[in-house]
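Read the structure below first, then the notes.
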Amino acid sequence: RPPSRIRVLLKAPTLEEMEEMNIFEDEESP
Amino acid sequence: HPVNIPRREKDFQGMLEYKKEDELKLVKNLILELKPRGVAVNLIPGLPAYILFMCLRHADYVNDDQKVRSLLTSVINSIKKILKKRGDDFETVSFWLSNTCRFLHCLKQYSGDDQFMKHNTPKQNDHCLSNFDLAEYRQVLSDLAIQIYQQLIKCMENILQPMIVSGMLEHETIQGVSGVKPTGLRKRTSSIADEGTYTLDSIIRQLNTFHSIMCQHGTDPELIKQVVKQQFYIIGAVTLNNLLLRKDMCSWSKGMQIRYNVSQLEEWLRDKNLMTCGAKETLEPLIQAAQLLQVKKKTDEDAEAICSMCNALSTAQIVKVLNLYTPVNAFEERVSVLFIRTIQTRLRDRKESPQLLMDTKLIYPVTFPFNPSSLALETIQIPGSLNLAFLTRV
């Protein structure tokens, strides 16, 4: 592999936005 | 039991392969259900962080951006979730602070960015992420680490706070110095039996507990220093505030007791090799207040000496201590009004806030200096006790 390859920047949501992507919906719904 | 069929280490590339549908199981077993006091005690420090990073490396290796995003989101949300649930448990918070920092260091160390590769072995350079630049996720993780740090400080304060006044001010370890109580003042703790009363030893034992937990979790030394500085700040601030509010704490002998207690705290720092972390400096206002209780307070020369000595105390604090100062022995005298006026005049031109009490809620800004690891990812084995048999070493 060439030492300095171009990597694709992955845009990240903020910490707050991430919380909205709740991965535990199943167990948290009443 | 080793999870995989043994292979020679050189055949591994330091990655862990997992199926997309196992992601939730991964964060459940490794983050949500891991007990820092149980299984995790015997793990190498930072192992959960290394495992998660090796999974991330595989998602990067197969060039699956959705898998990378999804894993990072699940990891971050799971850490937040466990801290919401067990955020009052110092061990849990310390454990995830050190693992979050380790994960962040891995993201830097293996980012392919030259500035983070200086200490890498050639093999570690081979293990850098190949498809994705996760700089934005590093920022999110750094924000998360700040939140966890603040939670750790709160947790530590909740434990330490009830010990401080008793251990630093009320409990007397120096025998015979203050046998006589200030007239008309009742010793607040005298009616309670010593059991249940915190002493300086209780505080030092608690500092030892915090310190050894953080060391056991492999917390970065630079981070431990910042936690200890914050601990000392809170001890100094709570002690000084109480001294400024209690006449029975403003005597020559209390000054002596406080100086002795401070020397014991300094001894603790020396013992832990933490003399340069800035912790001692946070006690300076308290040290000066204790000295103020002990120096002569009569002549103009005394006033001059006090003004140059008490540069970490505000005028309001100096005047308050002088006003509260209560003689307990025949050789001591009250401070005259004239002397206090002299001090006030001398300090008139000081540019400072008029605040009397120290801010006990202050938290120093935290930083997470990059701390690369020499651990070779390809040598990492996963203990069976973690229930991660669905991961495949690659």
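In region B:80-135, how many are within 12 Å of chain A (Cβ to nearest Cβ), over 26 Å from B:D64 (Cα atoms) and surrounded by fewer than 19 Cβ atoms within 10 Å (Cβ to Cβ)?
Matching residues across region B:80-135 total 2.
If we scan region B:362-383, do we find a residue that is more than 30 Å from B:L107 (Cβ to Cβ) and either assigned to a loop (DSSP other than H, G, I, E, B) or in contact with a helix residue (DSSP H, G or I) (Cβ under 6 Å, 6 or more places away or on another chain) (or both)?
yes
For B:A49, are the conditions met, namely being away from every other protein chain (no Cβ under 14 Å), within 22 Å of B:V394 (Cβ to Cβ) and either touching a residue at least 40 places away in the same chain (Cβ under 8 Å) or more than 27 Å from the chain's Cα centre (by Cα) (or both)?
Yes: the conditions hold for B:A49.
Looking only at chain A, count how many residues are more than 8 Å from chain B (Cβ to nearest Cβ), modelled with pLDDT under 70 and either part of a helix (DSSP H, G or I) or touching a Lys or Arg at 6+ places or on another chain (Cβ under 9 Å) (or both).
Counting residues in chain A that are more than 8 Å from chain B (Cβ to nearest Cβ), modelled with pLDDT under 70 and either part of a helix (DSSP H, G or I) or touching a Lys or Arg at 6+ places or on another chain (Cβ under 9 Å) (or both) gives 4.
Against the conditions (1) surrounded by 15 or more Cβ atoms within 10 Å (Cβ to Cβ); (2) free of Cβ contacts under 8 Å to residues at least 12 places away in the same chain; (3) of a type in the set (S, T, N, Q), where does B:S308 fall short? Just the number, please.
The one condition B:S308 does not meet is (1).
Look through B:D194, B:D220 and report the one residue that is at pLDDT below 95 and over 15 Å from B:L265 (Cα atoms).
Result: B:D194 is the single residue among B:D194, B:D220 that is at pLDDT below 95 and over 15 Å from B:L265 (Cα atoms).
Across region B:342-390, what is the number of residues that are free of Cβ contacts under 8 Å to residues at least 40 places away in the same chain, within 28 Å of B:V227 (Cβ to Cβ) and of a type outside the set (K, R)?
Qualifying residue count for the region: 2.
If I filter region B:136-156 for residues that are farther than 22 Å from B:A376 by Cβ, within 13 Å of chain A (Cβ to nearest Cβ) and touching a strand residue (DSSP E or B) at 6+ places or on another chain (Cβ under 8 Å), do I get at least one hit?
Yes, that holds for at least one residue.
State whether the residues of region B:321-340 include one that is touching a residue at least 12 places away in the same chain (Cβ under 8 Å), under 31 Å from the mean Cα position of the chain (by Cα) and assigned to a helix (DSSP H, G or I).
Within region B:321-340 (the criterion being touching a residue at least 12 places away in the same chain (Cβ under 8 Å), under 31 Å from the mean Cα position of the chain (by Cα) and assigned to a helix (DSSP H, G or I)), the answer is yes, since at least one residue qualifies.
Taking region B:238-287 as the region of interest, how many residues are outside any helix (DSSP H, G or I), of a type in the set (G, A, S) and surrounded by fewer than 18 Cβ atoms within 10 Å (Cβ to Cβ)?
The total comes to 1.
May I ask you to verify whether B:A279 is under 25 Å from B:H171 (Cα atoms) and aliphatic (A, V, I, L, M)?
yes
Among the numbered criteria (1) within 14 Å of chain A (Cβ to nearest Cβ); (2) under 18 Å from B:K108 (Cβ atoms), which one does B:V27 miss?
The number of the failed condition is (2).
Here's a check for you: in region B:56-79, which residue that is facing chain A (nearest Cβ under 7 Å) and crowded, with 19+ Cβ neighbours inside 10 Å is nearest to A:K11 (Cα to Cα)?
B:R69
The values are calculated or read from the model by the stated rules, or taken from the named source; none is laboratory data. Since we're looking at a predicted model, the values are computed, not measured. When we count neighbours, we look across all protein chains shown, and the Cβ atoms used for this are built from the backbone with ideal geometry, even at glycine.
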